[in-house]
Amino acid sequence: EVQLVESGGGLVQPGRSLKLSCAASGFTFSNYGMAWVRQTPTKGLEWVASISTGGGNTYYRDSVKGRFTISRDNAKNTQYLQMDSLRSEDTATYYCARRDGGYDYWGQGVMVTVSS
Amino acid sequence: DIQMTQSPASLSASLEEIVTITCKASQGIDDYLSWYQQKPGKSPQLLIYDATSLADGVPSRFSGSRSGTQYSLKISRPQVDDSGIYYCLQSYSTPPTFGGGTKLELK
């Protein structure tokens, strides 16, 4: 059974950092591109970043470029999202998703709240 | 960025109806279009990918189609369990962009 389990969310002050993890199981992790997608009640679903199978290619939405870093460790079947210089507008539920056609599997989501 | 204009924002339908949700892309996306269902408190679930392909385990009452740059999700004889919010996503170009969502209520 494919499973994606996010962790690392929480409450953080503006300007601080947070690192999300997504532990994958039930499939050959290194064969799939992965992504982070976030959701807020006001903006809906927003793609945040994607990473290729080997990690050599990464892509970001403009609003997080230079602040967020997506990475993966295929030996640990885990992808990460390092979020620096966090802003209030980064407050959202963050989902880890597997890319195959569309995003065929999603984690349960982890809440990130940026507030003083 | 490619804009995905999804309509309607909400609809209420009976179990005998055929439900149709549409997404119009601001430019051609070569069928790199997928549809998702999301229930309250849950993560989105893939229904359709590549505009017309049914994802594994998705009932055959769901189908996808295209006319020009307008993509449609059809639910034939919906079930009560099909209530939820539906989203389209284009993955033709970066950044991938989602439609605004359609809240479906079945009566």
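No value in this document is a laboratory result; all are computed from the given coordinates. Treat the numbers as computed from the prediction; the structure is a model and nothing was measured. Here Cβ is always computed from backbone atoms with ideal geometry, including for glycine, and neighbour counts include all displayed protein chains.
Hey, could you get me the Stokes-Einstein D for segment B:17-107, Kirkwood radius over alpha-carbon pairs, 25 °C and 0.890 mPa s, rounded to whole µm² s⁻¹?
Rounded, D is 186 µm²/s.
At B:K103 and A:S88, where each label point lies 7 Å from the Cα along Cα→Cβ, what is the point-to-point distance in nanometres?
2.5 nm
Measure of size requested: the Rg and Dmax of segment A:12-116, with Cα atoms as the atom set and Å as the unit; please supply both.
13.2, 40
Determine the alpha carbon to alpha carbon distance for each of A:K43/B:K74; A:K43/A:K76; A:K19/B:K74; A:K76/B:K103 and list only those over 31 Å.
Going by Cα-Cα distance, A:K43/A:K76; A:K19/B:K74; A:K76/B:K103 fall outside the 31 Å limit.
For the protein assembly as shown, with the dipole built from +1 on Lys and Arg beta-carbon atoms and -1 on Asp and Glu ones, taken about the Cα centre, which of B:T102, A:V12, B:A9 lies farthest toward the positive end?
Farthest along the dipole direction, towards plus: A:V12.
How many percent of the alpha carbon pairs in the protein assembly as shown exceed a separation of 23 Å?
Tail of P(r) above 23 Å: 47 percent of Cα pairs.
Using Cα pairs closer than 8 Å and at least 6 residues apart in sequence, work out the relative contact order for chain A, in percent.
Relative contact order of chain A: 36 percent.
Can you say what percent of the DSSP beta bridges in segment B:1-106, counting only those with both residues inside, are antiparallel? Round to 5.
90 percent
In Å and whole numbers, how far do the C-alpha atoms of segment A:1-46 stretch along each principal axis, longest first?
Principal-axis extents of segment A:1-46 (Cα, largest first): 36, 22, 17 Å.
Excluding same-chain residues fewer than 8 positions from B:K107, which lysines have a Cα within less than 16 Å of its Cα?
none
What percent does the relative contact order of chain B come to when contacts are Cα pairs within less than 8 Å and at least six residues apart?
For chain B, the relative contact order is 39 percent.
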